[in-house]
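Structure first, commentary second.
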Amino acid sequence: MRILIVFNQPAPYKVNLFNELNKLIPIEVIFERMYASNRDYKFYSLNSYEFEHKFIKTGYIGNENSISFEIIKTIRKKHYDLIVMNGYATISEMLTITYLKLKKIPYVLFINGGIVKNESDVKYAIKKSFISKAKYYLSPCAKADEYLCYYGANKEKIFHYPNSTIFNHQILDRPLSKLEKQELRKQLNLPIYSQIFVSPCQFIERKNNIQLLKSFLNTDKILLLIGSGVQKPLYENFIKQNQMNNVIILDYKDAFELIPYYRASDCFITLSKEDIYGHTLNEAMSQGLPAISSDRAISTWHLLKNGINGYIVDIKKQETIDYAISNISDNMAQAAIDTAKQNTIEEAAIKIHQAILEMIKK
């Protein structure tokens, strides 16, 4: 049995997923790029490939796009029982899907998430031509299904998998006690007794961190921003102008380095204007953190239950954000862990393997 997966670039969580999936069924992966040019180099540094793979090494365009016929050449040379396309947005992907449609070769569309936007009739028609013609779909949740169905997908052809970046062994068995958090904060040089809200992200406009900073004006709660990006000077200037002494900015840290900062904090928070999924939410919950997350992130709708393990907030309604920040409770920590235990890389591999077998059987 030969399974081909076409993927844009080797994000570590996907490499981990493919390693787990390869234990259940042999896969071959073609990466369109070795890296995304707008990502910190450390993002890829720990990757270990335990599956058959190759990189397209030429034809890079912009941050993530590519143009190459190499995928088509590979498909021509070999027979595959299933071809899984992780996208349709790059030129390479468009060329490949067009070829598959012309040759009447079925393909599976494997999405991380999706947000319906206002767009021209032409853009809608192009997206629909690629999405609606897939034979099957792999989707992370019901909210992402809405995106697929908007562009013509048959809901009965959609299979679900948990879109996770964490392994089961990385999840805490129980929330840390106050004393354990305080000891950890001493090691990390963080305020010991204040309530800490952590937000790891790219420092870009889409992440909406100026509104986040405004939400922490005139409060003694601590905001811990972790990341890198072009807007860092903007944040620093805002903090200086408003004489905020309750904001800490730390440089980018990979998923492994973030774990102690999650554990030392009291709540995860993001007010992102748009996240195709939003993995850091599940990562934080796995370390016993209740969460506050924008309704613009797809993972929010899959993982959060208002008042149980955190809050879903509307970034157009500041009062929902203020209420959530004021009402986070330690009692939500265990519920956050319980949610994370249902959303792991191992579980994702199992669900995708089951879906692949059903697809081939049909």
Cβ pairs under 8 Å, 6+ apart or interchain, first in segment 238-257 and among the aromatic types (Phe, Trp, Tyr), second in a loop (DSSP other than H, G, I, E, B) and open to solvent by less than 100 Å² (accessible area, probe 1.4 Å), ordered by first then second residue, are PHE238/MET244; TYR252/ASP40
Out of curiosity, is ILE166 among the hydrophobic types (A, V, I, L, M, F, W, C) and under 21 Å from LYS42 (Cβ atoms)?
-> yes
Pick from segment 183-206 the residues that are free of Cβ contacts under 8 Å to residues at least 24 places away in the same chain and under 22 Å from SER326 (Cβ atoms): which of them is surrounded by the fewest Cβ atoms within 10 Å (Cβ to Cβ)?
-> TYR193
Segment 308-325, residues that are open to solvent by 10 Å² or more (accessible area, probe 1.4 Å) and either part of a strand (DSSP E or B) or closer than 19 Å to ALA340 by Cβ (or both) | ILE308, TYR311, ILE312
Scan segment 282-304 and give yes if some residue there is crowded, with 18+ Cβ neighbours inside 10 Å and aromatic (Phe, Trp, Tyr), otherwise no.
-> no
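Here is a list: LYS23, LYS57, LYS104. Which entry is modelled with pLDDT of 95 or more, assigned to a loop (DSSP other than H, G, I, E, B) and not aliphatic (A, V, I, L, M)? It would help to see each step written out before you state the result.
On the way: LYS23 fails: assigned to a loop (DSSP other than H, G, I, E, B); LYS57 fails: modelled with pLDDT of 95 or more.
On inspection, the qualifying residue turns out to be LYS104.
Does LYS362 qualify as being under 29 Å from GLU156 (Cα atoms), open to solvent by 30 Å² or more (accessible area, probe 1.4 Å) and touching a His at 6+ places or on another chain (Cβ under 8 Å)?
Working: under 29 Å from GLU156 (Cα atoms): yes; open to solvent by 30 Å² or more (accessible area, probe 1.4 Å): yes; touching a His at 6+ places or on another chain (Cβ under 8 Å): no.
Judged against the criteria, LYS362 is not a match.
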Hits in segment 143-180 - residues which are basic (Lys, Arg), over 14 Å from MET285 (Cβ atoms) and open to solvent by 80 Å² or more (accessible area, probe 1.4 Å) | LYS155, LYS178
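The values are calculated or read from the model by the stated rules, or taken from the named source; none is laboratory data. In this text, all values refer to a predicted model and were calculated from it rather than measured experimentally. In this analysis, Cβ positions are derived from the backbone assuming ideal geometry, glycine residues included, and neighbour counts consider all displayed protein chains. We work out accessible area using only protein heavy atoms, side chains counted, and drop any ligands, DNA or RNA first. Shrake-Rupley method; radii C 1.70, N 1.55, O 1.52, S 1.80 Å.
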